[in-house]
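The values are calculated or read from the model by the stated rules, or taken from the named source; none is laboratory data. Keep in mind that this is a model prediction, so the values were computed, not measured. Counting neighbours? That spans all protein chains shown, and the Cβs are built from the backbone with ideal geometry, glycine included.
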Amino acid sequence: MTTATTLTNLAHQRILIIDSAMGTMIQRHKLTEADYRGERFIDFSANLQGNNDLLSITQPEIIAEIHRANLEAGADIIET
């Protein structure tokens with residue numbers, strides 16, 4: 001069964017819960033410019049703070065922690 005079929009079947013049975021506001025959850029960590037850069041982008045010339053997409057590369061443990069918390073809170077669907 002495909003993911004789309006599974007979600008459609010579940011949606012016919014009950015309301016599905018989507019994850020929380022990712023940006024808000026990231027802000028709670030009070031990350032610095034260095035946190036956004038990590039090792040991979042340490043010499044990048046532009047400011048990277050606030051570029052939350054980079055955190056999947058530079059801080060994957062934080063992103064995983066947020067997803068885990070959403071699933072534990074009952075989310076059916078999580079996004080990145």
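Looking at A75, A64, just one residue is touching a Ser or Thr at 6+ places or on another chain (Cβ under 8 Å), hydrophobic (A, V, I, L, M, F, W, C), within 16 Å of M22 (Cα to Cα) and modelled with pLDDT of 95 or more, and that residue is A75. The residues listed here are I17, I57, I62; of these, the one that is under 12 Å from the mean Cα position of the chain (by Cα) and within 21 Å of G74 (Cα to Cα) is I62.
What's the total number of residues in segment 1-53 that are part of a helix (DSSP H, G or I) and touching a residue at least 60 places away in the same chain (Cβ under 8 Å)? Final tally of qualifying residues: 2.
Considering only residues that are within 21 Å of E72 (Cβ to Cβ) and not basic (K, R), look in segment 4-14 and name the one that is nearest to the chain's Cα centre (by Cα). If we take residues in segment 4-14 being within 21 Å of E72 (Cβ to Cβ) and not basic (K, R), then L7 is nearest to the chain's Cα centre (by Cα). If the condition is being part of a loop (DSSP other than H, G, I, E, B) and loosely packed, with under 15 Cβ neighbours inside 10 Å, then segment 54-77 contributes A73, G74.
Would you check which residues across segment 29-46 are among the aromatic types (F, W, Y) and over 19 Å from the mean Cα position of the chain (by Cα) and list them?
Of everything in segment 29-46, those that are among the aromatic types (F, W, Y) and over 19 Å from the mean Cα position of the chain (by Cα) turn out to be F41, F44.
No other residue among R14, R28 is closer than 19 Å to H67 by Cβ, surrounded by fewer than 13 Cβ atoms within 10 Å (Cβ to Cβ), charged (D, E, K, R) and at pLDDT 95 or above apart from R28.
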